[in-house]
Amino acid sequence: MFKIFTQKWLTGCFGLGLLGLSLFVSGVSNAQAQDVQIATMRDNILLTEEVAPPAIAKVENKDLKRMRDYPQQPPTVPHIISKYQIDKNVNQCMDCHARDKASDVQATPVGVSHYLNREDEYQAGMSPRRYFCTQCHVTQTESKPLIDNVFVDVNDLMKPAAK
Amino acid sequence: MKNILALIKLGWQILSRPAVHLSLGFLVITGFVSGVIFWGGFNTAMELTNTEAFCISCHEMEDNVYMELQSTIHYSNRSGVRAICSDCHVPHAWSDKIARKMQASKEVWGKIFGTINTREKFENKRRELAEHEWARLKANNSLECRNCHEFDSMDFTRQSKRAAFQHSGALASGEKTCIDCHKGIAHKLPDMAGVQGISH
């Protein structure tokens, strides 16, 4: 009897506390939102105004492999891929990137990780988890980044700090 | 029965008798004129059946393949040159044209018996239909593609590296033809299990 009373009472207190905390947090973030300028793609143009959209950037098709920023990065695609079909009927990427076909077209075969199933066992065929290539591999466009990239390469990070 | 036979006999007698009252000139001229009319009509009919409007007058063609064609480079591109159904599917040489038209009676048959009259039926039959087209293009060395894309006019230096590498290799040597490497350029591909792609 006494035990139940304390439990209910405790839960009640906890709930009230949570409510108070969330009210406080939302108040703070509201205050912040008012004086922080967020760069949006609309570039401070009112919702009611129409502006000419920027031209659609061209996809780079130079066939030159790009540097990876860290060893586990899925490499970006150095060629156009808009016409390749990836669905239940066919995966056209694998026409060139499968282990037994890549050398014919001088493509990089998919990495060994693409043959691992979720139990970390190697399979003869590509893992279903890696079927939809464009989930991880993207093309690049000939355009300027919208905001600065502050990524630091691990090699630079390890360099002794300049004086 | 006897009457019919007699009628045929009479008809034949009239036809086989030399014309006594008509001049040779008249016969030659009417023969020529009707020949022209017949020939012209025949060719016009042939041309009509080569229009895209004709092909997509059947919903089987419009709802599936035509819809898919619209998002490809052969429907809209920067140079504004369009390929229509007959550019890729109907041979230009006259004798081949007739042969294709004869073959097309299969399509009328298919229309009547509804072989692909639903999306599902089409999906199920698609591999078979695609294989017919691949076999035809393989056999004629991708003639229809080459009517527009001439190998001799390809400037490899203006192509992407991947394209130039393949075109100056397996294509130039004649080991492969366009359709070996470029399947599915105008429509979506069927289940491709076991079909060879760009390599091998």
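The values are calculated or read from the model by the stated rules, or taken from the named source; none is laboratory data. Just so it is clear, the structure is predicted and the values come from calculations on it, not from any experiment. Because the Cβ atoms are built from the backbone with ideal geometry, glycine has one as well, and the counts that use them run over all protein chains shown. Only protein heavy atoms, including side chains, enter the accessible area calculation; ligands, DNA and RNA are left aside. Shrake-Rupley method; radii C 1.70, N 1.55, O 1.52, S 1.80 Å.
Observations, loosely collected:
- Tabulated pairs, segment A:65-78, first under 18 Å from A:His97 (Cα atoms), second in a loop (DSSP other than H, G, I, E, B) and of a type in the set (A, V, I, L, M, F, W, C), C-beta under 8 angstrom, 6+ apart or interchain: A:Pro74/A:Cys136; A:Thr76/A:Val138; A:Val77/A:Val138; A:Pro78/A:Leu64
- Of all residues in segment A:21-66 being at pLDDT 95 or above and among the aliphatic types (A, V, I, L, M), the one that is surrounded by the fewest Cβ atoms within 10 Å (Cβ to Cβ): A:Leu64
- Test: residue in segment B:79-86 that is under 18 Å from B:Met67 (Cβ atoms) and open to solvent by 50 Å² or more (accessible area, probe 1.4 Å): yes
- Residue satisfying all of: in segment A:77-115; facing chain B (nearest Cβ under 7 Å) and part of a helix (DSSP H, G or I); surrounded by the most Cβ atoms within 10 Å (Cβ to Cβ) among these: A:Asp95
- The C-beta contact set for segment B:164-184 (first residue without any contact (Cβ under 8 Å) to a residue 40 or more places away in the chain, second residue outside any loop (DSSP other than H, G, I, E, B), distance under 6 angstrom, 6+ apart or interchain) comprises B:Ala164/B:Phe156; B:Ser168/B:Phe156; B:Lys176/B:Ala170.
- Number of the exception - B:Asp87 against (1) more than 14 Å from every other protein chain (Cβ to nearest Cβ); (2) part of a loop (DSSP other than H, G, I, E, B); (3) among the acidic types (Asp, Glu): (2)
- Take the conditions (1) modelled with pLDDT of 95 or more; (2) part of a helix (DSSP H, G or I); (3) farther than 25 Å from B:Asn64 by Cβ; B:Asn141 misses just one of them, which is (2).
- Criterion: charged (D, E, K, R) and either open to solvent by less than 40 Å² (accessible area, probe 1.4 Å) or within 14 Å of chain A (Cβ to nearest Cβ) (or both) - qualifying residue of B:Glu150, B:Glu144: B:Glu144
- Once segment B:161-200 is narrowed to residues that are among the polar types (S, T, N, Q) and open to solvent by 30 Å² or more (accessible area, probe 1.4 Å), the residue that is nearest to the other protein chains (Cβ to nearest Cβ) is B:Gln166.
- Qualifying positions in segment B:172-196 - of a type in the set (A, V, I, L, M, F, W, C) and touching a helix residue (DSSP H, G or I) at 6+ places or on another chain (Cβ under 7 Å): B:Cys178, B:Ile179, B:Cys181, B:Ala186
- Some residue of segment A:128-138 being without any contact (Cβ under 8 Å) to a residue 24 or more places away in the chain, in a helix (DSSP H, G or I) and touching a His at 6+ places or on another chain (Cβ under 9 Å): yes
- Given (1) closer than 21 Å to B:Glu47 by Cβ; (2) at pLDDT 95 or above, number of the condition B:Ser86 does not satisfy: (2)
- Matching residues, segment A:139-157, being in a loop (DSSP other than H, G, I, E, B) and touching an Asp or Glu at 6+ places or on another chain (Cβ under 9 Å): A:Gln140, A:Glu142, A:Phe151, A:Asp153
- Number of residues in segment B:164-197 that are within 17 Å of A:Met94 (Cα to Cα) and part of a helix (DSSP H, G or I): the value is 3.
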